[in-house]
Amino acid sequence: MTAASAPLVTTRALGIGYGSRLVARVPDLDLAPGLVWLVTGPNGSGKTTLLKTLAGLLRPLAGRIAPEPRRGAGAGVYVHSTPVLFRGTLRSNLAVTTSDAGALSAVAAEFGLTDRLDQPIHELSHGLRQRAALARAVLARPAMLLLDEPEGGLDASALHTWQSFAARVVSDRQITLVVAAHRPAGLEGLPVGTVKLTTNN
């Protein structure tokens, strides 16, 4: 295995859930850049729970994650299926994760948001809000980006932006991309590693 494809995160005998309630036992994972890691499974199988656990928002109930999840630049960032944004403009939302005006402008351009930067968040469509949440996550400079149903409800323009972003991430190998989805869209033609979860009985 080359250094470029070495796993960023590994899990062993991982059990995930809330409080003391086990939701799922996760197959051992070796998550490396260069692939889109697609987490699949029926409702209640633990897709969102796994993403939050990998991001350090939930503690494992069993097993281990190496390295242990942490916050900040170079860590994992979780993006909710429903965009969580703050009052104010799009620019002020993106500035939450960076003080670098040049980086903010570059990422805004990548996501087709340049002309919207001074628009109030509440005026943006669902698709634009999803782009904004993703752009803000990228500006946090994560090593691992964990996206919960990122393609849900996107219009054609937003879906094209998502496709281009996913392809760039796979090609650059700078971020490990983990996506939870029922019916993945926008990943056609990209190398995909599948993580299949089943309900815990």
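The values are calculated or read from the model by the stated rules, or taken from the named source; none is laboratory data. Small disclaimer: the values here were computed from a predicted structure and weren't measured. Every residue, glycine among them, receives a Cβ derived from its backbone with ideal geometry; neighbour counts consider all protein chains shown.
Here is how the numbers come out for the structure above:
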| quantity | calculated |
| --- | --- |
| Segment 166-194, subset in contact (Cβ under 8 Å) with a residue 40 or more places away in the chain and in contact with a helix residue (DSSP H, G or I) (Cβ under 7 Å, 6 or more places away or on another chain), residue surrounded by the fewest Cβ atoms within 10 Å (Cβ to Cβ) | P191 |
| Residue pairs meeting the criteria (Cβ under 8 Å; at least 6 apart or on separate chains; first closer than 17 Å to L139 by Cβ and without any contact (Cβ under 8 Å) to a residue 60 or more places away in the chain, in segment 101-124; second assigned to a loop (DSSP other than H, G, I, E, B) and not basic (K, R)) | L104/A95; L104/T98; A108/L117; R116/L124; I121/L85; I121/F86; I121/G88 |
| Among (1) more than 25 Å from T98 (Cβ to Cβ); (2) at pLDDT below 90, the one test that T161 misses | (1) |
| Test: residue in segment 86-94 that is more than 15 Å from the chain's Cα centre (by Cα), of a type in the set (A, V, I, L, M, F, W, C) and within 21 Å of Q174 (Cβ to Cβ) | yes |
| The listed residue being closer than 19 Å to P33 by Cα and in contact with a Leu (Cβ under 6 Å, 6 or more places away or on another chain), out of A132, A180 | A180 |
| Identity of the residue in segment 27-70, among the charged types (D, E, K, R) and more than 14 Å from the chain's Cα centre (by Cα), that ends up nearest to L139 (Cα to Cα) | R70 |
| Single unsatisfied condition, A73 versus (1) part of a strand (DSSP E or B); (2) touching a residue at least 40 places away in the same chain (Cβ under 8 Å) | (1) |
| Set R136, R141, R131: member being touching a residue at least 60 places away in the same chain (Cβ under 8 Å) and either in a helix (DSSP H, G or I) or surrounded by fewer than 21 Cβ atoms within 10 Å (Cβ to Cβ) (or both) | R141 |
| Residue within segment 117-126 that is buried (at least 20 other Cβ atoms within 10 Å of the Cβ) and either touching a Cys at 6+ places or on another chain (Cβ under 7 Å) or outside any loop (DSSP other than H, G, I, E, B) (or both) present | no |
